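Each remark here refers to the structure printed beneath this line.
The values are calculated or read from the model by the stated rules, or taken from the named source; none is laboratory data. Predicted, not measured: the structure shown is a model, and the values here were computed from it. Cβ: placed from backbone, ideal geometry, glycine included. Neighbour counts: every protein chain shown.
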């Protein structure tokens, strides 16, 4: 798993990847800025209480709240925005490391959109439900974040990669058979999104990383 991650990170420097990495950085910065502004506007422009001292306290704590909420929502939002560019990442990694592979199957647009929206929605909803534990239970919060998002990102990024080669039923079967390996890959991806600066290119690394994991599965499970 560690070697696989190093291979994924190393691919960032490859010429075919540079444009996608630059695009990812730009989109991620804009996404975080807009997300931060939206959350800040919601907290600072809303009077939650009739008593002004309580509203003042909310404003004081708002800075931390903005940062935490933006950090939690960022992975789902940036993955949603980057979803239509992840195919370029997968194709570039295949050209570099798996040149013998046949072209991927043509994915219906509805299938791609459905997978992406489902991942984004699940990530947003479950992380918002877990927000009280993130804020109020130190020590447990980090493990919960990695476990919850490890499952979500493992499932989501695996589907992004697997559906390039398999239909929906086959992809689910493979994901079920190798659930442990895919979950561990998802935990690594969640860790990437938790690291400042690294999270700006996390969707690119995550796609390359999961592609290597998929290609390492028994060949009988995939088709050219």
- prompt: Any chance the stretch 182-203 includes a residue that's out of contact with any helix residue (DSSP H, G or I) (no Cβ under 8 Å at 6 or more places or on another chain) and part of a helix (DSSP H, G or I)?
  reply: no
- prompt: Which residues, counting only those in the stretch 60-69, are touching a helix residue (DSSP H, G or I) at 6+ places or on another chain (Cβ under 6 Å) and modelled with pLDDT under 65?
  reply: 62
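Yes or no, residue by residue, for (1) within 18 Å of the chain's Cα centre (by Cα); (2) modelled with pLDDT of 90 or more; (3) more than 21 Å from residue 80 (Cα to Cα):
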position	(1), (2), (3)
135	no, no, yes
146	yes, yes, no
149	yes, yes, no
154	yes, yes, no
161	yes, yes, no
173	no, yes, yes
179	yes, yes, yes
- request: Kindly indicate the residue of the stretch 21-57 that is modelled with pLDDT under 65, assigned to a helix (DSSP H, G or I) and touching a helix residue (DSSP H, G or I) at 6+ places or on another chain (Cβ under 7 Å) and also surrounded by the most Cβ atoms within 10 Å (Cβ to Cβ) among those meeting that condition.
  value: 43
